[in-house]
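These notes are about the structure you will find just below.
The values are calculated or read from the model by the stated rules, or taken from the named source; none is laboratory data. Everything numeric in this text was worked out from a predicted model, so none of it was measured. Quick reminder, even Gly has a Cβ in these numbers, built from the backbone with ideal geometry, and neighbours come from all protein chains shown. When the accessible area is computed, the model is the full protein with side chains, heavy atoms only, and any ligands, DNA or RNA have been set aside. Shrake-Rupley method; radii C 1.70, N 1.55, O 1.52, S 1.80 Å.
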Amino acid sequence: MDFRIKARVYPVVPVREMIIFPGVVSPLFISRPKSICAVEEGAENERLIFITAEKKPYGETVNTDNLYSVGTICRMLQSVRMPDGMLKVVVEGEKRGKADKFAARDSFISAGVVPFDSKREKMTLEISALMRLVRSEFEKNVQLDSKLPDDIFRSVSDILDPEVLCDITASHSRLDITEKQRLLETVNVVDRLSLLVRMLKNENELLSYEQELEERVQAEIDKDQRNYYLREQLKVINEELGGESSASEVEELRAAAAESGMPEAVMQKVTREIGRFAKLAPLSPEAAVSRTYIETMIELPWKKSTEDDLDIANARKVLNADHHGLEEVKRRIVEFLAVKKRAGKDMRGQVICFVGPPGVGKTSLGKSIARAMGRKFINISLGGMHDEAEIRGHRRTYVGALPGRIIQKIRQCGFNNPLILMDEIDKLASDYRGDPSSALLEVLDPEQNWNFTDNFLEAPFDLSKVMFITTANSTATIPGPLLDRMEIIPLPGYVMEEKLKIAKKHLIPRIIREHGLTKDEFSLSDTALKDIISSYTMEAGVRSLDRQIAKLARRVTMELSEGGDETEASAVLTKERAREILGAPKLHNTRIPKGDAVGTAIGLAWTEAGGDVILIESAVMDGGGKVCYTGNLGEIMQESATTALAYLRSHAGSYGLSGFEWNKKDIQIHVPAGAVPKDGPSAGITLALSLCSTLTGRAVNTAFAMTGEMTLHGNVLPIGGIREKILAAKRLGIKDILLPEDNRADVSELSEWILKGMKLHYVSDISEVFELALRAGV
């Protein structure tokens, strides 16, 4: 495009949502003071003004950065002051122009504008074809758009000038403001005609689709109205002939409601709803919501209960058959059943929460309790639930409204006293739709749930007969008020010996059955099972163990199906054969030093997967008094190391460290397996032993493993996970264990098989640890 060299200053009138094209006469209604002043200035300047569109309307004020630089130089044909103070101006577009720069004066906006030098294009076949396409597409546009009058097309059909045709057509069309601005900025007539054809084609396709949708919707409405008319006629005919009508359906609902056993107050509410339903049109949305509500109320088991089986011996038998170990948990459940058997209805409702790592049998324990009591079992997963309506239900304000999950599940099971297991209660979420944990406060509170009101029912339903059990992996994320309503029963992880028995008693028989095998075709040696547990799984439960055994069973099944070596396929799987199928071991035991070592102490740790043995190493070197921690140590563990170091410095004389140059030595503390995070206070005495060995040069007796928290004055405090830690040491052949004196009572509760062959040393002060585990100095 070519511009004239010299720019001329024009008053600027910004407009909204419109484009003035050259050759187009259009009225403007101006109310903004600066725009009125610009018109008055233009009236004194050959009646010329520069009109450009705003990119985005921002109110009464005009920002020059918000104006398109390309606009139209217009001549004012008429100017009339309106009674309300507005100014009506009739303008005619003359030329396209581009503003070099806008200047915001006190009274109006001005700009130096360079008009576009538009050369007349010679009429060619291409231009003629494009003009014909423009007329054709614009004719379709007028036919499809009901807002455009029919005579508009006639006003442009006789235009022979391509530029005028393009500008007049674009002005009359209902294209978007940004598309019109693109046409205004396009100077070359061929490019402008091509662009206009594409825009009109897109607009016509959109209008065609809108018309098709409108016709489809109208057809559906006409069909519904016709069906309604025919149904009303059929209803009248049936009534005249004495036949069956909707009245009989209403009577059936009334009879079903009377037999449902619902309370009197609820019965009155349902009766009123049935009367309202009888007056509604059958196909109306209100009728669908009303019918759903009535059927839900009728189908709820208001008085239908299962009879509890409170046979204590049978309960023990069921629990022992379904689960190995978990003696404390089983005892608590049997106690609950015994109290219920004696107290009956006077028993205070209780909510039990099983807390433990994944895969230890929390959900299956709930199923076993339901089976032992003869109750229906319902499982509701709460993980990720963030809508309060999932618990309380939706209000009956739309067609898809439904009761909450609790009421829905009770309706499906058909009894009002099922056992409801609420899984993953620690993973509830909340957002703008409400907080499900707050809704559960009423459900799990025995003082309130006898009168639980679902938003959909709008009537109380008794949940006091329901036995609620919840499960969680941790209590840390459960809200305090909700946690207060539940009795926490911890489920510890299984140790190797328990996993071995679970695999032989429960997992392998089930896997044999699921894979179509027999005991003769698939069995595992104890050595192979122990190797799978220690080298291929690291978990508190048995899910990963179950998957590994299933992998072995699939291989055996494949070999038998392919007609392989029957002897190899059906033989007892040894450790070597299992490793061949499962691949290289994924886990490795801690490598215990074979002899005494300086700066290396053996500690015992608790993890969700059970107990573990860890090595704590330390070293001293020349430096500037820094202490460095490596091995992915947590903040608490670093604090324990700092405490141990402070104790040694404060008792330097007692351990021959009076001459130790603390400010000239650096100390490094390392715990192998750096990819695994480690934290907790129970490594306190192990850290102290390792540091004392490094600083004094006395070797550590690696026959000892230990655990215990240490204070700044050397006292040894009790810790948890005693059972798991002792078994971890036992698995690696460590027989001497140092434990805090205060944990003696915890050890007395352990089974004999755990303590068999172990020698426990109880300590109350760190000096006793040094005396037992440090070799004498040279």
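Note down all Cβ pairs under 6 Å where the first residue falls in segment 741-755 and is open to solvent by 50 Å² or more (accessible area, probe 1.4 Å), the second is part of a helix (DSSP H, G or I), and they're at least six residues apart or on different chains.
D746/I722
For the structure I just gave you, tell me whether V91 is under 25 Å from R154 (Cα atoms), touching a strand residue (DSSP E or B) at 6+ places or on another chain (Cβ under 6 Å) and either in contact (Cβ under 8 Å) with a residue 12 or more places away in the chain or assigned to a helix (DSSP H, G or I) (or both). Outline the logic, then answer.
On the way: under 25 Å from R154 (Cα atoms): yes; touching a strand residue (DSSP E or B) at 6+ places or on another chain (Cβ under 6 Å): yes; either in contact (Cβ under 8 Å) with a residue 12 or more places away in the chain or assigned to a helix (DSSP H, G or I) (or both): yes.
So V91 passes the test.
Confirm whether E163 is open to solvent by 40 Å² or more (accessible area, probe 1.4 Å) and more than 56 Å from the chain's Cα centre (by Cα).
no
Restricting the search to segment 391-426, which residues are in contact with a Pro (Cβ under 6 Å, 6 or more places away or on another chain), more than 22 Å from T306 (Cα to Cα) and not β-branched (V, I, T)?
Across segment 391-426, the qualifying residue is only G393.
With S157, S173, S79, S136 as the choices, which residue is open to solvent by 20 Å² or more (accessible area, probe 1.4 Å) and under 20 Å from M18 (Cα atoms)?
Being open to solvent by 20 Å² or more (accessible area, probe 1.4 Å) and under 20 Å from M18 (Cα atoms) holds for just one of S157, S173, S79, S136, which is S79.
Restricting to segment 119-133, what's the tally of residues that are surrounded by fewer than 14 Cβ atoms within 10 Å (Cβ to Cβ) and β-branched (V, I, T)?
The qualifying residues number 1.
Can you find even one residue in segment 722-736 that is closer than 24 Å to E498 by Cα, without any contact (Cβ under 8 Å) to a residue 24 or more places away in the chain, of a type in the set (D, E, K, R) and open to solvent by 50 Å² or more (accessible area, probe 1.4 Å)?
For segment 722-736, residues closer than 24 Å to E498 by Cα, without any contact (Cβ under 8 Å) to a residue 24 or more places away in the chain, of a type in the set (D, E, K, R) and open to solvent by 50 Å² or more (accessible area, probe 1.4 Å): absent.
Looking at F116, is it under 27 Å from K56 (Cα atoms) and of a type in the set (F, W, Y)?
The answer is yes for F116.
Looking at V716, V763, can you tell me which residue is under 22 Å from S650 (Cβ atoms), buried (at least 18 other Cβ atoms within 10 Å of the Cβ), of a type outside the set (F, W, Y) and without any contact (Cβ under 8 Å) to a residue 60 or more places away in the chain?
Of V716, V763, the one residue that is under 22 Å from S650 (Cβ atoms), buried (at least 18 other Cβ atoms within 10 Å of the Cβ), of a type outside the set (F, W, Y) and without any contact (Cβ under 8 Å) to a residue 60 or more places away in the chain is V716.
Can you find a residue that is touching a His at 6+ places or on another chain (Cβ under 8 Å), more than 16 Å from I602 (Cα to Cα) and either open to solvent by less than 60 Å² (accessible area, probe 1.4 Å) or among the polar types (S, T, N, Q) (or both) anywhere in segment 695-704?
no
Of the residues in segment 50-61, how many are buried (at least 20 other Cβ atoms within 10 Å of the Cβ) and in contact with a Lys or Arg (Cβ under 8 Å, 6 or more places away or on another chain)? Full working, then the answer.
The first filter runs over segment 50-61 and keeps only residues buried (at least 20 other Cβ atoms within 10 Å of the Cβ), leaving 50-53.
Next cut, in contact with a Lys or Arg (Cβ under 8 Å, 6 or more places away or on another chain) only: 53.
So the count comes out to 1.
From the list G393, G404, G414, which one is in contact (Cβ under 8 Å) with a residue 60 or more places away in the chain, of a type in the set (G, A, S) and buried (at least 22 other Cβ atoms within 10 Å of the Cβ)? Break it down into steps so the answer makes sense when it comes.
On the way: G404 fails: in contact (Cβ under 8 Å) with a residue 60 or more places away in the chain; G414 fails: buried (at least 22 other Cβ atoms within 10 Å of the Cβ).
So the residue among G393, G404, G414 that is in contact (Cβ under 8 Å) with a residue 60 or more places away in the chain, of a type in the set (G, A, S) and buried (at least 22 other Cβ atoms within 10 Å of the Cβ) is G393.
Say whether the condition of being open to solvent by less than 40 Å² (accessible area, probe 1.4 Å) and more than 14 Å from F21 (Cβ to Cβ) is met by at least one residue in segment 178-192.
yes
Restricting attention to segment 104-155, which residues are within 57 Å of the chain's Cα centre (by Cα), assigned to a helix (DSSP H, G or I) and of a type outside the set (A, V, I, L, M)?
Once the filter is applied, which keeps residues that are within 57 Å of the chain's Cα centre (by Cα), assigned to a helix (DSSP H, G or I) and of a type outside the set (A, V, I, L, M), segment 104-155 yields R135, S136, E137, F138, E139, K140, N141, Q143, F153.
Output the number of the condition that L196 fails; it satisfies all remaining conditions of (1) modelled with pLDDT of 85 or more; (2) on the phi > 0 side of the Ramachandran plot; (3) not basic (K, R).
Tallying (1) modelled with pLDDT of 85 or more; (2) on the phi > 0 side of the Ramachandran plot; (3) not basic (K, R), L196 fails exactly one: (2).
Mind counting the residues in segment 497-526 that are part of a helix (DSSP H, G or I), surrounded by fewer than 17 Cβ atoms within 10 Å (Cβ to Cβ) and not acidic (D, E)?
Of the residues in that region, 6 qualify.
Please verify whether T453 is open to solvent by 10 Å² or more (accessible area, probe 1.4 Å), under 19 Å from S438 (Cα atoms) and within 29 Å of the chain's Cα centre (by Cα), treating the condition exactly as stated. Outline the logic, then answer.
Values: open to solvent by 10 Å² or more (accessible area, probe 1.4 Å): yes; under 19 Å from S438 (Cα atoms): yes; within 29 Å of the chain's Cα centre (by Cα): yes.
Yes, satisfied.
Can you tell me which residues in segment 674-694 are of a type outside the set (A, V, I, L, M, F, W, C) and either crowded, with 18+ Cβ neighbours inside 10 Å or in contact with a helix residue (DSSP H, G or I) (Cβ under 9 Å, 6 or more places away or on another chain) (or both)?
K678, D679, G680, P681, S682, G684, T686, S690, S693, T694
If I ask for residues that are open to solvent by 40 Å² or more (accessible area, probe 1.4 Å) and in contact with a strand residue (DSSP E or B) (Cβ under 7 Å, 6 or more places away or on another chain), which ones from segment 631-673 would you list?
Within segment 631-673, N632, Q638, K664, K665, Q668, H670, P672 qualify.
Report the residue count in segment 527-547 for those that are touching a residue at least 24 places away in the same chain (Cβ under 8 Å), open to solvent by 70 Å² or more (accessible area, probe 1.4 Å) and in a helix (DSSP H, G or I).
Keep residues of segment 527-547 that are touching a residue at least 24 places away in the same chain (Cβ under 8 Å), which gives 527-546.
This time we only want the ones that are open to solvent by 70 Å² or more (accessible area, probe 1.4 Å), so: 527, 530, 538, 543.
With in a helix (DSSP H, G or I) added as a condition, the list becomes 527, 530, 543.
Of the residues in segment 527-547, 3 are touching a residue at least 24 places away in the same chain (Cβ under 8 Å), open to solvent by 70 Å² or more (accessible area, probe 1.4 Å) and in a helix (DSSP H, G or I).
Of the residues I592, I614, only one is among the hydrophobic types (A, V, I, L, M, F, W, C), in contact (Cβ under 8 Å) with a residue 12 or more places away in the chain, in a strand (DSSP E or B) and surrounded by 12 or more Cβ atoms within 10 Å (Cβ to Cβ); which?
The match here is I614.
Got a number for residues in segment 732-751 being touching a strand residue (DSSP E or B) at 6+ places or on another chain (Cβ under 8 Å) and not β-branched (V, I, T)? Please lay out each step first, then the result.
Pass one, segment 732-751, residues touching a strand residue (DSSP E or B) at 6+ places or on another chain (Cβ under 8 Å): 732, 734-744, 747.
Now drop any that are not not β-branched (V, I, T), which leaves 732, 735-736, 738-744.
Final tally of qualifying residues: 10.
Within the bounds of segment 408-429, is there any residue that is closer than 20 Å to L326 by Cα and not in a loop (DSSP other than H, G, I, E, B)?
yes
Any residue at all in segment 646-663 that's among the aliphatic types (A, V, I, L, M), under 23 Å from V613 (Cα atoms) and assigned to a loop (DSSP other than H, G, I, E, B)?
No, because not a single residue in segment 646-663 is among the aliphatic types (A, V, I, L, M), under 23 Å from V613 (Cα atoms) and assigned to a loop (DSSP other than H, G, I, E, B).
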